[in-house]
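This structure is in C-alpha cells; I'll ask about it shortly.
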Amino acid sequence: MTKTAATAKTKATKKKAGKKPAQRHKYTAATADKYELYQKAVQSPDTDVDFLTETYEDLVGREPKHLREDFCGTALICCEWVTRDEDKTAEGYDLDPEPLEYGKEHGQAKVRKKGAEDRLQLFLEDARAPGRKAPDVRIAQNFSYWLFRERAELLDYFKIAHESLAEDGIFVIDLYGGTEGITEMEEERKIEGGFTYVWDQDEYFPGTAEFFCNIHFRFRDGSELQNAFQYHWRKWGMMELKDLLYEAGFSDVGSYFEGDDEDDPEEGNGIFEADPRGENCESWIAYLVSRK
C-alpha cells in the first residue's frame, strides 16, 4: 500500500555584463508561499473529484451536482468541481481566513476563466455550520476532522453531516493507518519544481490517541520552512469511525483502499477500490464513503 501523508515570491538574480541573469532556485524559505507548496505537495484535486464523481454515480446512478467541502482551506477541490460542468455548484467552509483569502486570490483563476464564480461560495464559518444547499457530496479531506478529539464531538459532527445531505447524498472522509501510521518519524518526498516535502509524525500518545504532526518544506539552497503546518489530532481507527458513522444515522459505510503501484509496491497508484477489510501493511490510505 501507499506511504502515509508524505505520500499536500521573488526571484533573486545576479547580473553580469553581456550575460543573462543567473537562475536562482525558484523556492526558498524566504520567498515561498506555504499554501502554494501545500497544494503542489499534498493535493490532487482532479483525482479527488474523479473519485467523488465516479463513486457517487456508481452508488446512486446519476451525476452529482452540488459539493460541500468542510475544512476547505484554499478550496482547491471546490474550484476543480465547479469547472467540470456548467451545472455544478460548490460551497466551502473554513474557520481560518488566511487560506481562504489565498484561495480567493490565487486559486480561482481557473474558476473565473470558466465563468463559474457564481457557482462557488466560500464561507468563513465552522464546518458544523448549516449549509446553504443540501449537498449531493459532502467531504472532509486530508484527515482534517481528526481535530475533533472527543468522541461526542466527532459524533455530533457526523450527525450534522448526515442531516445536511440530500436524500441520496454521500459523506466522504479520508484516513490513513498501518504499522507506520503512529510511528514517530519524518518522511521526505521530492516535489517537482525544486523543493522537498517533509511529513513529520512528531509525537503519538497511546493512552489518549493524541497525534502531533507537522509539515516542513526544504529547499535546494539549504533553507527550510519549519513547521509550515502543525496539527494536534486524535488518531482515529477505521472501525471506530465506521461505528460512529452508523451511530450518526448513515445507512451504509464502505471503505475504499488505494492500490499499489506496479513499478513500486511501496507507493500508491492513486486508484481507490471498494474493499471491506483492506490489507495489513506498514502504511495504507483509504476513503470512507457513507450513504444517507
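The values are calculated or read from the model by the stated rules, or taken from the named source; none is laboratory data. The structure displayed is predicted, hence computed values, not measured ones. When we count neighbours, we look across all protein chains shown, and the Cβ atoms used for this are built from the backbone with ideal geometry, even at glycine.
Quick one: would you say Glu57 is out of contact with any Pro (no Cβ under 8 Å at 6 or more places or on another chain), surrounded by fewer than 18 Cβ atoms within 10 Å (Cβ to Cβ) and not hydroxyl-bearing (Ser, Thr, Tyr)?
Working: out of contact with any Pro (no Cβ under 8 Å at 6 or more places or on another chain): no; surrounded by fewer than 18 Cβ atoms within 10 Å (Cβ to Cβ): yes; not hydroxyl-bearing (Ser, Thr, Tyr): yes.
So Glu57 fails the test.
Can I ask one more? Confirm whether Val137 is more than 26 Å from Trp199 (Cα to Cα), surrounded by 21 or more Cβ atoms within 10 Å (Cβ to Cβ) and modelled with pLDDT under 95.
Working: more than 26 Å from Trp199 (Cα to Cα): yes; surrounded by 21 or more Cβ atoms within 10 Å (Cβ to Cβ): yes; modelled with pLDDT under 95: no.
Taking the combined requirement at face value, the residue does not satisfy it.
Given (1) farther than 22 Å from Ile139 by Cβ; (2) not in a strand (DSSP E or B), identify the lone condition not met by Phe250.
For Phe250, the exception is condition (1).
For segment 106-123, indicate whether the set of residues that are acidic (Asp, Glu) and surrounded by 20 or more Cβ atoms within 10 Å (Cβ to Cβ) is non-empty.
Start the filter on segment 106-123 by keeping residues that are acidic (Asp, Glu), which leaves 117-118.
From what is left, the residues that are surrounded by 20 or more Cβ atoms within 10 Å (Cβ to Cβ) are none.
No, every residue in segment 106-123 fails to be acidic (Asp, Glu) and surrounded by 20 or more Cβ atoms within 10 Å (Cβ to Cβ).
Considering each of Leu122, Leu100, Leu95 in turn, give the residue that is assigned to a loop (DSSP other than H, G, I, E, B) and aliphatic (A, V, I, L, M).
Working: Leu122 fails: assigned to a loop (DSSP other than H, G, I, E, B); Leu100 fails: assigned to a loop (DSSP other than H, G, I, E, B).
Unique residue meeting the criteria: Leu95.
Table: residues versus (1) of a type in the set (S, T, N, Q); (2) within 19 Å of Glu125 (Cβ to Cβ); (3) not assigned by TED's automatic domain parsing to the domain that holds Cys72.
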site	(1), (2), (3)
Ala140	no, yes, no
Tyr145	no, yes, no
Phe148	no, yes, no
Glu153	no, yes, no
Ala166	no, no, no
Met185	no, no, yes
Gly207	no, no, yes
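If we keep just the residues of segment 177-186 that are of a type outside the set (Ser, Thr, Tyr) and more than 18 Å from the chain's Cα centre (by Cα), which is surrounded by the most Cβ atoms within 10 Å (Cβ to Cβ)?
Going residue by residue through segment 177-186, those that are of a type outside the set (Ser, Thr, Tyr) are 177-178, 180-182, 184-186.
Of the ones still in play, those that are also more than 18 Å from the chain's Cα centre (by Cα) are 178, 180, 182, 184-186.
Details: Gly178: 19, Glu180: 16, Ile182: 17, Glu184: 12, Met185: 12, Glu186: 12.
That would be Gly178.
How many of the residues making up segment 160-185 are within 23 Å of Thr89 (Cα to Cα) and either modelled with pLDDT under 95 or not β-branched (Val, Ile, Thr) (or both)?
Our first condition is that a residue be within 23 Å of Thr89 (Cα to Cα); within segment 160-185, this holds for 160-174.
Narrowing the set further to residues that are either modelled with pLDDT under 95 or not β-branched (Val, Ile, Thr) (or both) leaves 161-169, 171, 174.
Qualifying residue count for the region: 11.
Given (1) outside any strand (DSSP E or B); (2) modelled with pLDDT of 95 or more; (3) in contact with a strand residue (DSSP E or B) (Cβ under 8 Å, 6 or more places away or on another chain), identify the lone condition not met by Gly207.
If we test Gly207 against (1) outside any strand (DSSP E or B); (2) modelled with pLDDT of 95 or more; (3) in contact with a strand residue (DSSP E or B) (Cβ under 8 Å, 6 or more places away or on another chain), just (3) comes out false.
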